[in-house]
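Comments concern the structure below.
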């Protein structure tokens, strides 16, 4: 089961007692997940289709509990792609549908479809949180935090997308919008902001699981960075040691190490004897210990002498 589905299942079990919050959540569910149909006799019908059984049960229960009208539910088996079930929650054509949609702030005067989101019923903070919860249940998805930090809400038109973005950002978040094909996407990509959003819609178990996965992911990434850094440093040190030994052996074979000044000869002999040691360790092994930079300076001088000797032999 995906992380997004588990989150919606948790939200679908949430008990909401305040009528204003019930109406706000249901309004968002219908606005962002419903389809309005006009049947013969100019009667309206409302269809809400979802692949999540828990969401379907919540919509069915809330429509009956909050609005008290007849509601139908049907299960359909898909024959293509994943072949999973889809659930249709339907208010059949009847005179009451227009009144229902008006209560949900979806129809305006004279049953005209009002695409612009009415925020007059979202003055209370609890209602705004409930509305966002309904929006997520109706058109939202959440990526597995082990793979990516991405939460998005898919909206049909730009006006609703902008208003939904503003509603999210009223809680101090930084949601953004982007057009994808013929739809608008309101999204969050920052892990901390996704955690705040989950808290706003009261997905507390999902929030804790999300944080746990993020922490494990961050620790793993930090460990990988440290290992990569250590590996790179070790590789660099080994390559430098191999080059230094090659240079010292060339001098030894062609002119002898006695050709070098005493301080450079001492360092060259120690390097040949201890090829695995770091520059710092080599400096500590000298009769008169010096630091890493001092050892590095002497090694460069040895390499310069080797280059001078090679130039004379050409």
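The values are calculated or read from the model by the stated rules, or taken from the named source; none is laboratory data. Since the model is a prediction, treat every value here as computed from it, not as a measurement. Don't worry about glycine lacking a Cβ; one is built from the backbone with ideal geometry, like all the others, and counts go over all protein chains shown.
Determine which single condition residue 198 fails, assuming it passes every other condition in (1) part of a helix (DSSP H, G or I); (2) in contact with a helix residue (DSSP H, G or I) (Cβ under 7 Å, 6 or more places away or on another chain); (3) more than 24 Å from residue 12 (Cβ to Cβ).
Every listed condition holds for residue 198 apart from (3).
From the list 137, 151, which one is crowded, with 21+ Cβ neighbours inside 10 Å, out of contact with any strand residue (DSSP E or B) (no Cβ under 6 Å at 6 or more places or on another chain) and at pLDDT 85 or above? First the steps, then the outcome.
Working: 151 fails: out of contact with any strand residue (DSSP E or B) (no Cβ under 6 Å at 6 or more places or on another chain).
Testing whether each residue is crowded, with 21+ Cβ neighbours inside 10 Å, out of contact with any strand residue (DSSP E or B) (no Cβ under 6 Å at 6 or more places or on another chain) and at pLDDT 85 or above leaves just 137.
Please go through segment 276-292 and give me each residue that is within 19 Å of residue 239 (Cβ to Cβ) and surrounded by fewer than 12 Cβ atoms within 10 Å (Cβ to Cβ), ordered by number.
276
Conditions tested, residue by residue: (1) closer than 18 Å to residue 200 by Cα; (2) buried (at least 22 other Cβ atoms within 10 Å of the Cβ); (3) modelled with pLDDT of 85 or more.
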residue	(1), (2), (3)
108	no, no, no
118	no, no, no
125	yes, no, yes
160	no, no, yes
164	yes, yes, yes
169	yes, no, yes
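With (1) part of a helix (DSSP H, G or I); (2) in contact with a helix residue (DSSP H, G or I) (Cβ under 8 Å, 6 or more places away or on another chain) as the list, and residue 286 as the residue in question, which single condition is left unmet?
Evaluating residue 286 over (1) part of a helix (DSSP H, G or I); (2) in contact with a helix residue (DSSP H, G or I) (Cβ under 8 Å, 6 or more places away or on another chain) leaves (1) as the failure.
Please indicate, with yes or no, whether at least one residue in segment 83-94 is at pLDDT below 80 and within 18 Å of residue 35 (Cα to Cα).
Yes - at least one qualifying residue is present in segment 83-94.
For segment 250-272, give me each residue that is farther than 14 Å from residue 304 by Cα and surrounded by fewer than 16 Cβ atoms within 10 Å (Cβ to Cβ).
Of everything in segment 250-272, those that are farther than 14 Å from residue 304 by Cα and surrounded by fewer than 16 Cβ atoms within 10 Å (Cβ to Cβ) turn out to be 253, 254, 255, 256, 258, 262, 263, 269, 272.
Hey, could you check segment 1-28 for residues that are out of contact with any strand residue (DSSP E or B) (no Cβ under 9 Å at 6 or more places or on another chain), surrounded by fewer than 18 Cβ atoms within 10 Å (Cβ to Cβ) and over 16 Å from residue 57 (Cα atoms) and say which is modelled with the lowest pLDDT?
Only one residue fits best here, namely 1.
Please count how many residues of segment 90-105 are in a helix (DSSP H, G or I) and either touching a strand residue (DSSP E or B) at 6+ places or on another chain (Cβ under 9 Å) or free of Cβ contacts under 8 Å to residues at least 60 places away in the same chain (or both).
Taking segment 90-105 as the starting set, the residues that turn out to be in a helix (DSSP H, G or I) are 96-103.
When the remaining residues are screened for being either touching a strand residue (DSSP E or B) at 6+ places or on another chain (Cβ under 9 Å) or free of Cβ contacts under 8 Å to residues at least 60 places away in the same chain (or both), the result is 96-102.
Going through segment 90-105 one residue at a time, the tally reaches 7.
Please determine, by comparing only the residues of segment 58-72 that are surrounded by fewer than 16 Cβ atoms within 10 Å (Cβ to Cβ) and touching a strand residue (DSSP E or B) at 6+ places or on another chain (Cβ under 9 Å), which one is modelled with the highest pLDDT.
Step by step, filter segment 58-72, then rank; the result is 72.
Take residue 142 and decide whether it is crowded, with 20+ Cβ neighbours inside 10 Å and at pLDDT below 85.
On the way: crowded, with 20+ Cβ neighbours inside 10 Å: yes; at pLDDT below 85: no.
For residue 142, the condition - crowded, with 20+ Cβ neighbours inside 10 Å and at pLDDT below 85 - is not met.
For the subset of segment 34-49 comprising residues that are at pLDDT 85 or above and surrounded by fewer than 21 Cβ atoms within 10 Å (Cβ to Cβ), which member is nearest to residue 205 (Cα to Cα)?
For segment 34-49, the residue satisfying everything is 49.
Listed here are the residues, each with its yes/no results for (1) modelled with pLDDT under 90; (2) closer than 30 Å to residue 134 by Cβ; (3) not assigned by TED's automatic domain parsing to the domain that holds residue 9.
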site	(1), (2), (3)
188	no, yes, no
191	yes, yes, no
196	no, yes, no
210	yes, yes, yes
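Residue by residue through segment 290-314, note down the ones that are in a loop (DSSP other than H, G, I, E, B) and under 19 Å from residue 241 (Cα atoms).
290, 291
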